[in-house]
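Participant: Below you'll find the structure I mean.
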There are 2 protein chains.
Amino acid sequence: MNGAESLVQTLAHSGVDLCFTNPGTSEMHFVAALDRLPGVRCVLGLFEGVCTGAADGYWRMARQPAATLLHLGPGLGNGWANLHNARKARSGILNIVGDHALEHLRFESPLKSDLDGVAGSVSHWVRHARSAAEVGADAAAAVAATRDGALGCIATLALPADTAWGAGGVPQRAPAAPPAAPVAGEAVDAAARTLRALGSRAVLLLGAGGSASEAALHAAAAIAAATGCRVLAEFYNPRMPGGRGRPRIERLPYAGDAARQKLSGAEVLVLAGSVEPIGFFAYPGKASQLKPEGCALQTLATPQQDVPAALQALAEALQAPSAPHADPAPLGVPSGPLTPESIAAAIAAALPAQAVVVDEAVTTGRGFGPAMAAAAPHDWLQGMGGAIGYGLPCAVGAALGAPGRPVLTLEGDGSAMYTLQALWTMARESLPIGVVVFANRAYRILQGELQGVGARMSGPKAAAMLSLDHPALDWVALAKGQGVPGCRVDDAAALCDALKRGYAAGGPFLIEVPC
Amino acid sequence: MNGAESLVQTLAHSGVDLCFTNPGTSEMHFVAALDRLPGVRCVLGLFEGVCTGAADGYWRMARQPAATLLHLGPGLGNGWANLHNARKARSGILNIVGDHALEHLRFESPLKSDLDGVAGSVSHWVRHARSAAEVGADAAAAVAATRDGALGCIATLALPADTAWGAGGVPQRAPAAPPAAPVAGEAVDAAARTLRALGSRAVLLLGAGGSASEAALHAAAAIAAATGCRVLAEFYNPRMPGGRGRPRIERLPYAGDAARQKLSGAEVLVLAGSVEPIGFFAYPGKASQLKPEGCALQTLATPQQDVPAALQALAEALQAPSAPHADPAPLGVPSGPLTPESIAAAIAAALPAQAVVVDEAVTTGRGFGPAMAAAAPHDWLQGMGGAIGYGLPCAVGAALGAPGRPVLTLEGDGSAMYTLQALWTMARESLPIGVVVFANRAYRILQGELQGVGARMSGPKAAAMLSLDHPALDWVALAKGQGVPGCRVDDAAALCDALKRGYAAGGPFLIEVPC
């Protein structure tokens, strides 16, 4: 058994049964081993950012790490931005990066690069395999390194070609993931005292571990009803249940001033798997921190801990009954011209039950919350690291991580261009993914950010740098070019209808929405 | 004057008059300064790999560094692979990477990352600006750092937002680039003695600095004619003149066995700006080094030195007359079905004089050499770092770096997908770039590499990982989606005709060639 075969067997034995691949020459023995041995499904991406973003989406839905197969330093470089996003989402990913044979690394060949440097700048864990005999143990250690309590980590294993082709491989099995640490009763009791004492002057702030669990959202709503405290979620969440039957938990706004307003009057933030809220960017003359001056932080649960259990324990300590829940009125079929409201209504009305929504509609999607509360139950996934280009790849991984559930991806035209190669993988794997591209033909968010940072500009060079309208992108053509059927709609009823037809067809589809 | 304005003025004063931009919020003050002040042209890319690859192409033609404007760590990550390629081409590039305001970097905001780590893994020079007052001096130092003798370097300046918006900026001017160091007479005399003594048992090996200069190629041909030595160029070259009226210098083959065969019998390699030849990849049981055992290396000129002057001095020392030069017979209009030979003939026959050819036709283009020798005079640019996705961006930069010259880009379908966003910039800037995509619908090079590494595989998983035919990419649609007119051709005459019509129209165009 060679090193590559021991690696494949170790992955299969350790529950890593999916690999997003973009291989090259130095990975050929690993490709051959994947081919010969059962247990690991391979999905090809035509750009490495598709592979790493898909692994992020897969973790969010399956709570299991997927592997990526990348080609030396440049392959990892191409996947870097979506690894950054996954790192901020605390998704677990195992990167396997082929490298030159160890002997060959002495020389300055074209693909020689500072692989450990680029890997280390985005990974929690990096190892360079040294021999075929050790690759199995290296891989088992890498699988273990993809978890940190309730959170996931980025683990990168560099695989020199000779450690793959060399003989003497020994398959291993990674230890089972330990459960997330429970929260001590003292922290629960202290949080209960704070919330009872302060009522609406306290904010219970949910982070990723809490906002991803429907039970945790119900517990948080019950806690609010019993104590009068405010409940908020962080402004970006890796996964958040929403729609009918789920409590609607407001998110902290993206804009700093609005977030400060939302937190005003708070004397304590009780952190449930969250961290202190910080502005996305800094702005001249404004603080980075968003909480009111003098507002204290009290930790109920760290992000690594079992946040849902902590919230349920807190609800019990408060003897909080279930909160009364009233769904909004059912949605009618929208009609009329495309406006932010009618677009949101059409998307909400057409959404199938248990859909997964990947939100990268940078500006257009900000106001969708109220309409989505009336939609069928769904999960809402957001970009966590601020690097655009996460949406289409994330949808690929979400569809594979939640088989049988339809996926809807909301994209800005600017962000969709970064990793449009994901459309091809959607077509190749016949994934049930709808893509709605909001074609505002601009980096609209930057046009807004200009005022925020106080930069004065009115000239043609700046306008040209923030506008995408010359030439206009034709998303129906870009989808067709990759085997995805598409259409353009001009009013809300047509959008709703196109979505319903797309979901019914069962494969990928794209809708361009001018806005 | 704020820091951003001092940066723009420093660039303009230092001869950096072109910036490939993909900005975000943290770069808004720099964008505003570019807008207000004259002297720096901005070209927008919809993906950062387009910006960095374009800067590579620009250096190769203009021999001046362009700037890139990138958005924090992820923006640099997206540009990493083409910076790697540029680093191997020894192109000079000045990256300006926006970062959070210094105060904001204390916090773990979404876009916080190990920016210095990812920058350091691909740059020769990295600096993080610390105050608005120092930005001008930092920028001047960065411009100076883009040069190392005859070679270019990757310099990366991180620009925290507050150093851009802060007051007290002081524009500076980078010192003029020093000329490349001349070669000592002793090295020239020693090389002359070796070549005279060994004749065909010596190989004069040209590296980037020599192969890029028409005068150097003529000198090398004269040296060969006078001494009987063999002349070869490295297997990849950043820029190499070819076509009618230029000596045809053979390149070392890509495949290791063929390269070893080509060098067999050599007792000395005389290095003219080249380095010891090393295999692209390692293969089981084969050496990385390509020269015969016992073959000595003798340096005429290092890559940093003035290689063309060294070759001319060597020709003079050998009293070598100009070599007789006979062009191949003129090309007729090709006809018949598309074969490697007829494709090469059509491309060569249609090529306008002084065209710049960007070669990323990974497998299809390998045999084009003989036909191109009969084409009109041109420059031939190759990917230097082995990271595919360099071609379309490089063409953008080459067109801007060589105004008035038509550009032809030869692309594989696999490689073109990595950075297809470059097509949009070609359309936006109305650049005279023809793109020929060879649609073999496979990672054909990997299908060949399999045998080279001795990996056995025959199963469907491996076949699926190396094949792009399900679904087939429609390059005419992908071009149309970005505003570039395209067509598909079915025979050699149609290819030749489509090329001629495209060149005549003067803007970008794309031709899909099944093969």
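Participant: In square nanometres and to one decimal, what's the mean projected area of the convex hull around the Cα atoms of the protein assembly as shown?
Facilitator: The number I arrive at for the protein assembly as shown is 39.1 nm².
Participant: How large is the dipole of segment B:340-514 about the Cα centre if only Lys and Arg carry +1 and Asp and Glu carry -1, each at its Cβ, rounded to the nearest 20 debye? List each step's numbers first, then the result.
Facilitator: On the way: 11 positive and 14 negative charges, 35 e Å.
With Lys and Arg at +1 and Asp and Glu at -1, about 160 debye.
Participant: Compute accessible area for segment B:59-86 by itself and then with all protein chains, 1.4 Å probe, and report residues whose area falls by 30 Å² or more.
Facilitator: Residues of segment B:59-86 that lose at least 30 Å² of accessible area once the other chains are added: B:Pro74, B:Gly77, B:Asn78, B:Trp80, B:Ala81, B:His84.
Participant: Which distance in nm do the two modelled labels at A:Gln319 and B:Val333 give, with both placed 7 Å along the Cα-to-Cβ direction?
Facilitator: Placing both labels 7 Å along Cα→Cβ, they lie 9.6 nm apart.
Participant: Report, please, the projected area of segment B:266-371 averaged over directions, based on the convex hull of its C-alpha atoms, in nm².
Facilitator: Details: hull surface 43.2 nm².
Convex hull of Cα atoms, orientation-averaged projection: 10.8 nm².
Participant: Counting only protein heavy atoms and using a 1.4 Å probe, what share of the accessible area of segment A:315-422 belongs to carbon plus sulfur, as a whole percent?
Facilitator: 60 percent
Participant: Just to be sure I understand: chains B and A are related by a rotation, so which residue of B has its Cβ closest to that axis, and how close in Å?
Facilitator: Taking Cβ atoms only, the nearest residue and its distance are B:Ala477, 2.
Participant: Given label points at 7 Å from Cα along Cα→Cβ, what nm distances, shortest first, separate A:Gly332 from the same residue in every other copy?
Facilitator: 7.5
Participant: Any chance you could look up the accessible area of A:Lys500 with a 1.4 Å probe, heavy atoms only, rounded to 10 Å²?
Facilitator: Estimated to the nearest 10 Å², A:Lys500 gives 90 Å².
Participant: Projecting each Cα onto the charge dipole of the protein assembly as shown (Lys/Arg +1, Asp/Glu -1 at the beta carbon, about the Cα centre), which of B:Gly502, A:Gly24, B:Gly448 comes out farthest on the positive side?
Facilitator: B:Gly502
Participant: Regarding segment A:375-463, what whole-number volume in Å³ per residue does the convex hull of its Cα atoms give?
Facilitator: Numbers: hull volume 11.3 nm³, N = 89.
Dividing the Cα hull volume of segment A:375-463 by its residue count gives 127 Å³.
Participant: With labels modelled as points extended 7 Å from the Cα through the Cβ direction, what inter-label distance (nm, one decimal) is found for B:Arg201 paired with A:Glu250?
Facilitator: Output for this residue pair reads 8.8 nm.
Participant: Grab the eigenvalues of the alpha-carbon gyration tensor for segment A:231-291, scale each by 5, take roots, and send me the semi-axes largest first in whole angstrom.
Facilitator: 23, 13, 11
Participant: Give the nm distances, rounded to one decimal, from A:Ala353 to the matching residue in every other copy, measuring between label points 7 Å along Cα toward the beta carbon; shortest first.
Facilitator: 7.5
Participant: Take every Cα-Cα distance within chain B, group them into 10 Å bins from 0 onward, and report for each bin the whole-number percent of pairs it holds.
Facilitator: For chain B, the binned pair fractions read 4, 18, 26, 25, 18, 7, 1 percent.
Participant: PRE reach from A:Asp469 (point 7 Å along Cα→Cβ): which of segment B:21-63 fall under 19 Å by backbone N?
Facilitator: Correct set: B:44-46.
Participant: Averaging over all projection directions, find the projected area of the Cα convex hull of segment A:340-514 and quote it in nm² with one decimal place.
Facilitator: 10.0 nm²
Participant: Given contacts defined as C-alpha pairs under 8 Å and at least six residues apart, what's the relative contact order of segment A:268-356, whole-number percent?
Facilitator: Here the relative contact order equals 24 percent.
Participant: Once you place label points 7 Å from the Cα toward the Cβ at A:Glu214 and A:Asp497, how far apart are they in nm?
Facilitator: 3.3 nm
Participant: Kirkwood Rh over alpha-carbon pairs of segment B:185-317, then Stokes-Einstein at 37 °C and 0.692 mPa s: what D in µm² s⁻¹, rounded to an integer?
Facilitator: 225 µm²/s
Participant: Quick one: Debye curve from the C-alpha atoms of segment A:132-231, no solvent, what's log10 I(q)/I(0) at q = 0.23 Å⁻¹?
Facilitator: Here the Debye-derived log intensity ratios amount to -1.18.
Participant: Between A:Ala190 and B:Glu103, what is the FRET efficiency for a Förster distance of 30 Å, r being their Cβ-Cβ separation, to the nearest 0.05?
Facilitator: According to the calculation, E is roughly 0.45.
Participant: Continuing with the same structure: At 1.002 mPa s and 20 °C, plugging the Kirkwood radius over alpha-carbon pairs of segment B:341-404 into Stokes-Einstein gives what diffusion coefficient in µm²/s?
Facilitator: Taking Rh from Cα pairs, D becomes 172 µm²/s.
Participant: Based on the Cβ-Cβ distance of A:Arg41 and A:Gln298, what FRET efficiency does E = 1/(1 + (r/R0)^6) give at R0 = 45 Å, to the nearest 0.05?
Facilitator: After rounding, the FRET efficiency stands at 0.50.
Participant: At 222 nm, what value in deg cm²/dmol follows for chain A if DSSP H runs of at least 4 each add -39500 (n - 2.57) and the sum is divided by all its residues, to the nearest 500?
Facilitator: Numbers: 21 runs with 203 residues, N = 515.
Estimated from H runs of four or more residues: -11500 deg cm²/dmol.
Participant: Another one. Treating segment B:283-328 as a set of equal point scatterers at the Cα positions, no solvent, please give the Debye-formula log₁₀ I(q)/I(0) at q = 0.21, 0.31 Å⁻¹.
Facilitator: -0.88, -1.08
Participant: Might you report the magnitude of the Cβ-based charge dipole of the protein assembly as shown about its Cα centre, with Lys and Arg at +1 and Asp and Glu at -1, to the nearest 20 debye?
Facilitator: 220 debye
Participant: Set Lys and Arg Cβ to +1 and Asp and Glu Cβ to -1, take the dipole of the protein assembly as shown about its Cα centre, and tell me which of A:Ala355, A:Ser14, B:Ala139 lies farthest positive.
Facilitator: A:Ala355
Participant: Another question, then. Under a 1.4 angstrom probe, counting protein chains only, how are A:His470, A:His29 ranked by accessible area, largest first?
Facilitator: A:His470, A:His29
Participant: Kirkwood hydrodynamic radius for segment B:3-165: how many Å is it when counted over pairs of different Cα atoms?
Facilitator: About 15.0 Å for segment B:3-165.
Participant: If you average 1/r across every pair of different Cα atoms in segment A:197-268 and take the reciprocal, what Kirkwood value do you get, in Å?
Facilitator: So the Kirkwood estimate lands at 12.5 Å.
Participant: Give the lysines whose C-alpha is closer than 16 Å to that of B:Lys480, dropping any in the same chain fewer than 8 places away, or say none.
Facilitator: B:Lys480 reaches A:Lys480.
Participant: In nm, one decimal, shortest first: how far is the label point of B:Ala472 (7 Å from Cα along Cα to beta carbon) from the matching points in the other copies?
Facilitator: 2.9
Participant: Roughly what % antiparallel, to the nearest 5, for the DSSP beta bridges in the protein assembly as shown?
Facilitator: Working: 18 of 148 bridges.
Once the DSSP bridges in the protein assembly as shown are tallied, antiparallel ones form about 10 percent.
Participant: Still on this structure, I have one more. Which aspartates and glutamates, if any, have their Cα less than 19 Å from the Cα of B:Lys500, not counting same-chain residues under 8 positions apart?
Facilitator: B:Glu341, B:Asp359, B:Asp379, B:Glu411, B:Asp490, B:Asp491, B:Glu512
Participant: Let me ask something else. Counting protein heavy atoms only and a 1.4 angstrom probe, how many square angstrom of accessible surface do chains A and B bury in total, to the nearest 100? Please report the intermediate quantities before stating the final value.
Facilitator: Working: alone 20460 and 20470 Å², together 32730 Å².
For chain A against chain B, roughly 8200 Å² becomes buried.
Participant: Please tell me the relative contact order of chain B in percent, rounded to the nearest whole number, where contacts are Cα pairs under 8 Å and at least six residues apart.
Facilitator: 15 percent
Participant: Would you be so kind as to identify which of A:Pro370, A:Pro38, B:Ala220 lies farthest towards the positive end of the dipole of the protein assembly as shown, taking Lys and Arg as +1 and Asp and Glu as -1 on Cβ and the Cα centre as origin?
Facilitator: A:Pro370
Participant: Using 1/(1 + (r/R0)^6) with R0 = 56 angstrom and r between the beta carbons of B:Glu276 and A:Lys286, what's the FRET efficiency to the nearest 0.05?
Facilitator: Efficiency, rounded to the nearest 0.05: 0.50.
Participant: Under a Cβ-only charge scheme (Lys and Arg +1, Asp and Glu -1), can you give me the dipole magnitude of chain B about the Cα centre, in debye to the nearest 20?
Facilitator: 780 debye
Participant: Further, regarding this structure: Taking a probe of 1.4 Å, how large is the accessible area per residue of segment B:292-445, in Å²?
Facilitator: Value for segment B:292-445: 32 Å² per residue.
The values are calculated or read from the model by the stated rules, or taken from the named source; none is laboratory data. Quick caveat: nothing in here was measured; it's all calculated off a predicted structure. For neighbour counting, all protein chains shown are included, and Cβ atoms are generated from backbone atoms with ideal geometry for every residue, glycine included. Heads up: the accessible areas ignore ligands, DNA and RNA and are worked out on the full protein's heavy atoms, side chains in. Shrake-Rupley method; radii C 1.70, N 1.55, O 1.52, S 1.80 Å.
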